[in-house]
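These notes concern the structure reproduced below.
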Amino acid sequence: MTDRDAIADLVQRTAFLLDEERLAEWCALFDAAGTYELTAYSTEIRKWMTWWQADRETLEKTLKEVPQHVRDPARRRHVVGAPLVELSGDEAKATAQFAIFRTMPDGQSSLYLVGRYEDRLVKRGGAWLYAAHKTIADTRMLDAFTHIPL
Amino acid sequence: MNGHVAPKLPETHYLDNRIFTDAEIFEQEQEHIFAKAWQFVCHESEVEKAGDYRSARVAGKPILLVHGEDGVLRGFYNICRHRAAEVVREASGNARSFTCFYHHWNYGLDGALRAVAKPAGYEAVKLDKSELGLVPIRVEALAGLVFVCLDPAAGTLRDFLGGIVEAIEEPLGGKPLETFHFHQAVLKTNWKLWQDNNSERYHSMLHASNRTMLPWVLGQTSPMKLRIFPNGHSGYWADKGEARVNYKRGGHDDVAQDPLPGMAEGEMRVVNLFPDLMINIRSNVVRLDRMVPLAPGETLVEWRGLGVKSDSDALRAIRLRHHNLFWGPAGRNLPEDVLAVESQFRSMEAGQVRFSIVAREEDLNPTDDANIRAYYQEWGKRMGRSPASVR
């Protein structure tokens, strides 16, 4: 597998693991010093905002607590485009557009959130991992809030 | 067992659930409450410089706040005097003047009509521009919070808020703050249920994080006390700041640093202003909830996060983490509250259980319902009807 293919695979796997709520495996896609960030731009206050920012250790702790919460009963499904990849040795940047759909228990589906991922990656022991996985949300009016990353 | 039989309680201690679902009552609320009471619109940091503006809807009406070149913050109906198009269509921005997009009538930051397109066409009727400025509304600010009032006959903001301002003036007004967070959502619930959610502490055990970090949620008596003020305002806090969150127990012992003026580290304070502003302070960060009721079962809620304007990057990161931990769209608590109030509305609309019980009496501990009862007493006074019975 080429580096480009491996990164494209990582981007798809990231979304798949979130949708399946295999959250410990999702955290394992991050480098030890890797970070996750969820951001959006507010036209109301004319500022970029950070809605979630955490390192891998904090993510692991927070996501372990997810089963304790009362949660949105809907299932989420990411549809992620092929990433644009810029390689630089054992480091890379990747950008991918995505949409997340939300399906209620009664089977009703709706568009939940659109945006793009802007990622920095590092190659460790032959595997590509996130140094920084950033979700930039276009959608700011959410039908339900979230206890898990997007 | 019949869910339509009123509980055997004093009439002050229960609510008719139809006050949350009835379309006629919703319309009356717009007229009797939202068009009469002082309404929070934004934080002053959002309209800080000359030319900064913010548009919003109050009581279903489009309004505009503008920071004038003279430093005065003014409010207007955001409606062109020509053919009633909205003069400003963006949520916020900075402008030297406002030109209506439809026929290009131009207004100054002070609301005065400065120019009309093709003025020769009005010469025959001697159009008087001085009579056709944007229609003003009242604006007052307190502790950085900007309010408007559509009722020219209402008293001042400070009169309306009364003694409860003492709980917010120091933490919100002691240092310049700024809005660093804004998100909004249309909740499928009635607006009063969102206000109730923030007013009653009986539901604290809903939140996994509260069960861990608020020592008084399970078992102990809270050091907070309910504070009830005239005009439907209330809050809960402890006099000496001893209502402190046990962040260490939740593994977040570094989030509450640099408390706001008048707040102890880790202290929690909650203020609910009638009819729809919620102010939550967690030692070093503030959350503001503002509502725009759209229909009996649809409420636009705006959430703001405030931090200290002069923050270093490191301090802002701490405040941001603290805010997002509980209150952001990916916070631990906020999603749970929304699920609860949407569930309530679905059931109330179905109609099988007609009454809600607000009967807890606990010497003004936060799980006492006395503040909810006071809120609905004010609601009833303004609406001219009992909240316990819809006929």
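Just so it is clear, none of the values below were taken in a lab; they were calculated from the coordinates. Just so it is clear, the structure is predicted and the values come from calculations on it, not from any experiment. Cβ sites come from the backbone with ideal geometry, for glycine too, and all protein chains shown count toward neighbours.
What the table shows:
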quantity	calculated
Cysteines without a disulfide-compatible neighbour (Cβ-Cβ under 4.7 Å), chain B	B:C42, B:C149
Helix-derived mean residue ellipticity, 222 nm - over the protein assembly as shown, DSSP H n ≥ 4, -39500 (n - 2.57), to 500	-6000 deg cm²/dmol
Neighbouring partner chain Cβ atoms per residue of B:313-326, average, 10 Å criterion	2
Of the GluC sites (Glu not before Pro) in region B:225-324, those whose Cβ has at most 14 other Cβ within 10 Å and which sit in DSSP loop	B:E242, B:E265
For residues of A:52-64, the mean tally of beta carbons on other chains within 10 Å	2
From phi via Karplus (6.51, -1.76, 1.60), per-residue ³J(HN,Hα) for region B:272-279 in Hz, x at Gly/Pro	10, 9, 5, x, 8, 10, 10, 10
Low-density loop positions, trypsin sites (Lys or Arg not before Pro), region B:1-108 - DSSP coil, at most 12 other Cβ in 10 Å	B:K8, B:K49, B:R83, B:R89, B:R96
Residue-by-residue Karplus 3J(HN,Hα) for region B:319-336, coefficients 6.51, -1.76, 1.60, Hz, glycine and proline x	4, 4, 5, 4, 4, 5, 4, 10, 10, x, x, 10, x, 7, 9, 4, x, 6
√(5λ) per eigenvalue of the Cα gyration tensor, chain A, largest first, Å	25, 17, 16
Ellipsoid equivalent to the protein assembly as shown - semi-axes via the Cα gyration tensor, in Å	39, 33, 23
Percent of Cα pairs exceeding the 24 Å cut-off, where the set is region B:39-149	22
Number of partner chain Cβ atoms within 10 Å, mean per residue of B:73-83	0
